[in-house]
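The values are calculated or read from the model by the stated rules, or taken from the named source; none is laboratory data. Note that the structure is predicted; figures quoted are calculated from it, not measured. Using ideal geometry, Cβ is built from the backbone for each residue, glycine included, and neighbour counts are taken over all protein chains shown. Just the protein is used for accessible areas: all its heavy atoms, side chains included, with ligands, DNA and RNA removed. Shrake-Rupley method; radii C 1.70, N 1.55, O 1.52, S 1.80 Å.
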Amino acid sequence: MTSEQYPLGVGEAGKLKLRATALLAEGGEARVFEGLALLHDAARAEARALQVLEHPSAEVRLASAVEQCACFVEGRAPTLAARAWGQVLDTARALPENAVGPMLARLEPRYLRLVADFVGALRKAPRLARTSASVEFLQGRELRRYLRELETLRSRFPGTPGLWWSTCRLEQAQGRPRAAWAAIQRAVRLDPDNVHYAAVRLLLMPRALPTKQVEALLVETYAGIQRAPPEVCLVFALHEMARARRGTPATRATRLERALEAVIQGRSRQGTPPEVSQSLHAAQLLVTEQRKGHEATLDLLYRAGLGEAVVSSPAGKRVDAFRFLSQHVTQALTRHAA
């Protein structure tokens, strides 16, 4: 990588912004959303461009941070803009105030206005803040009020991935897998680096899509398994193990081999969260027993460090080790994504 590539990266971001502007001007819900998503893409392109420079000056780093934050502001994503604003403030400390002022002159009032609008909207959505962690238990009037608050906030800030994630959970709770799938697709589109969104998307796939599409997406996921985050490796392995359990003997060996490869890849990643690491270990023990033709037992979950989860669960969930692990992973990933 050389500094000659930096203008190319900035140019890529500029092209994305132009396409976004055109889509936003055209209007229409789908085009507006894609325009906002392209602004998110532009922010990431700006970040990638900066990374090619070995020793960027403080001015270049601040200019990049300002552009990234501006993209999220225009992309109606207050939470991501706030994260980027932190980078702006941190980078600005390396420069004198008289240099920083002009660089922030356009961004700062727009950012503060977006945040004020978002904070004000949140005050009018008390149920959204109070019950988001337990949306599955909402019923009747509370559910309808939560839905209205969520729809209102999402219509004002459609570039906020967390609001689409909340929509996904709400649709799941109401037994609408296709609507949940559409919502998680949008969350992933806006924040593709969120590994929990990506993993939950893979979890939802079988209930929302036809079998052929599911198989195609599994093949696509396996093709990139060597670069996939551990959470995605884990969910992919569980999918393949489930299909091996109910599939034909002719496909069983291939599916279990792919499941084992995914688990090994996931366990090789550095910095894997302990809960994910334990589940990957458990999956490896289970798939190894499957490959031998042996019945997987709860002892394997204990060996992987999941004993506390096993003994804390209802007796009915402790009948099948594989089903227990699948439910445990689903709950854990959903909780962390929230």
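Points to keep in mind about this one:
A quick yes/no check of all residues on (1) of a type outside the set (A, V, I, L, M, F, W, C); (2) part of a loop (DSSP other than H, G, I, E, B):
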{"residue": "His55", "(1), (2)": "yes, yes"}
{"residue": "Arg61", "(1), (2)": "yes, no"}
{"residue": "Phe72", "(1), (2)": "no, no"}
{"residue": "Ala84", "(1), (2)": "no, no"}
{"residue": "Leu89", "(1), (2)": "no, no"}
{"residue": "Ala94", "(1), (2)": "no, yes"}
{"residue": "Met103", "(1), (2)": "no, no"}
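- For the stretch 276-309, a residue qualifies if it is outside any helix (DSSP H, G or I), in contact with a helix residue (DSSP H, G or I) (Cβ under 8 Å, 6 or more places away or on another chain) and either on the phi > 0 side of the Ramachandran plot or not aliphatic (A, V, I, L, M) (or both), and the qualifying residues are Glu295, Thr297, Gly305.
- Condition check for Leu280: open to solvent by less than 80 Å² (accessible area, probe 1.4 Å), at pLDDT below 95, out of contact with any His (no Cβ under 8 Å at 6 or more places or on another chain) and within 23 Å of Ala332 (Cα to Cα): no
- Checking the stated criteria, Ala129 turns out to be open to solvent by 60 Å² or more (accessible area, probe 1.4 Å), modelled with pLDDT under 85, more than 20 Å from Ala198 (Cα to Cα) and not β-branched (Val, Ile, Thr).
- Screening Leu163 with (1) within 23 Å of Glu34 (Cα to Cα); (2) within 14 Å of the chain's Cα centre (by Cα); (3) in contact (Cβ under 8 Å) with a residue 24 or more places away in the chain gives one miss only, at (3).
- Taken together, the criteria exclude Gly271 from residues that are in contact with a helix residue (DSSP H, G or I) (Cβ under 7 Å, 6 or more places away or on another chain) and assigned to a loop (DSSP other than H, G, I, E, B).
- When restricted to residues that are touching a residue at least 12 places away in the same chain (Cβ under 8 Å) and part of a helix (DSSP H, G or I), the stretch 215-251 contains 20.
Yes or no, residue by residue, for (1) within 24 Å of the chain's Cα centre (by Cα); (2) open to solvent by 50 Å² or more (accessible area, probe 1.4 Å); (3) at pLDDT 95 or above:
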{"site": "Tyr222", "(1), (2), (3)": "yes, yes, yes"}
{"site": "Glu231", "(1), (2), (3)": "yes, no, yes"}
{"site": "Arg246", "(1), (2), (3)": "no, yes, no"}
{"site": "Glu261", "(1), (2), (3)": "yes, yes, yes"}
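- Condition check for Glu4: not in a helix (DSSP H, G or I) and not aromatic (Phe, Trp, Tyr): no
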